[in-house]
1. Name every residue in region 82-135 that is more than 20 Å from Gln167 (Cβ to Cβ), assigned to a loop (DSSP other than H, G, I, E, B) and either out of contact with any strand residue (DSSP E or B) (no Cβ under 9 Å at 6 or more places or on another chain) or open to solvent by less than 30 Å² (accessible area, probe 1.4 Å) (or both), in order of residue number.
2. Any idea which of (1) assigned to a strand (DSSP E or B); (2) open to solvent by less than 10 Å² (accessible area, probe 1.4 Å); (3) over 26 Å from Ile18 (Cα atoms) is the one Ile52 doesn't satisfy?
3. List the residue pairs whose Cβ atoms are under 7 Å apart, where the first residue sits in region 84-96 and is under 13 Å from Glu57 (Cβ atoms), the second is of a type in the set (Val, Ile, Thr), and the two are 6 or more positions apart or on different chains.
4. Which one of Leu211, Leu218, Leu287 is among the aliphatic types (A, V, I, L, M) and within 30 Å of Ile8 (Cα to Cα)?
5. Answer yes or no as to whether Phe190 is open to solvent by less than 40 Å² (accessible area, probe 1.4 Å) and part of a helix (DSSP H, G or I).
6. Does Ser199 meet the test of being surrounded by 15 or more Cβ atoms within 10 Å (Cβ to Cβ) and within 30 Å of Lys41 (Cα to Cα)?
Amino acid sequence: MQNEIEDILFTRFVKQNIPFEFIPIQELYKRVSESNFDLSKPHRIDFHALIIVFEGESKHTLDFKEEILSPGTILPVTKGQVHSFNKKLTIKGYVIGFEESFITQNISDKNLFHFLQIYHTSNIQIGKESINSLKPILLLIENLLKDVDVNLKSEIIHSTFMTLLFQIKRLACNQHTFFDSERFKNFYLFKELIIKHYSQIHNAKDYAKKLNVSYNYLNEICKEIVNKTAKEFIDSWLLLEIKRNISEKKYTSQEIAFKMGFKEPSNFIRFFKKYTKTTPLQFQEKLKIDSIRD
């Protein structure tokens, strides 16, 4: 079977000697076209990215959900997500790409909390009137990356990027809800456990035991942060991974079922149909039709 989802390594289009890249969106389109890669083709990234839009309007597909890009949109894209740009370039802005370890190594708990909150919030809007206040910080990052002096270069870029995230969070506070640090930390640890064990563990009580918290507390923080019960959040993540696997066209439905921890393919199909109202095969056919239409 042909693999439709290509895995993009951080080094694929990066020209920096540190795991952090800053590039205008126009330059990104130019750079990848020279490498014979189509940004409008769904691809999975193995790094984090941040898309910042200053002008124009476009659409961006992120894990099978269409996001609208317009002035003031900040779109965090996390490692492992499947996404695609619009084929036609209609926006101006910047894309920042980086390895997660570049940010999370040697960072205080407080700053890590701010970073994780930004990367938990999808499609951040900060308003047209506020977007220009980010430009001085972005210009500083751009100049730092061009600087040939490597002395403390990585550390300064790290600090400046964190300043950018602080400013984004401050400007977004009127439009977005941010959560208590301890409860969010527990939710993040829950999410990390799901990423690691979703194919073996489907039971919320088992995750609560691993986190050393009560099942009721785990339900409370999930309802507060994602408006879902712990079980619903587990199922939503499992469903997303199933969709990603289907879209790759690497595996049969039966192979995906076993890979996701279903002992019987019929239970897998029943689970998928419960949430999507379609079978895995019908979902794959729809993806094929949508790609032809685009």
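The values are calculated or read from the model by the stated rules, or taken from the named source; none is laboratory data. Computed from a prediction, not measured in an experiment: that's the story for all the values here. No Cβ is skipped: glycine too gets one built from the backbone with ideal geometry, and neighbour counts run over all protein chains shown. The protein model used for the area step is the full one, side chains on, heavy atoms only, and it has no ligands, DNA or RNA in it. Shrake-Rupley method; radii C 1.70, N 1.55, O 1.52, S 1.80 Å.
1. Scanning region 82-135 gives Phe85, Lys87, Gln105, Asn106.
2. Here Ile52 clears every test but (3).
3. Qualifying pairs under 7 Å: Ile91/Ile25; Ile91/Val53; Lys92/Ile25; Gly93/Ile25; Gly93/Ile51; Gly93/Ile52; Gly93/Val53.
4. Leu287 is the lone residue from the list that is among the aliphatic types (A, V, I, L, M) and within 30 Å of Ile8 (Cα to Cα).
5. It is true that Phe190 is open to solvent by less than 40 Å² (accessible area, probe 1.4 Å) and part of a helix (DSSP H, G or I).
6. Considered against the rule, which asks whether it is surrounded by 15 or more Cβ atoms within 10 Å (Cβ to Cβ) and within 30 Å of Lys41 (Cα to Cα), Ser199 comes out as no.
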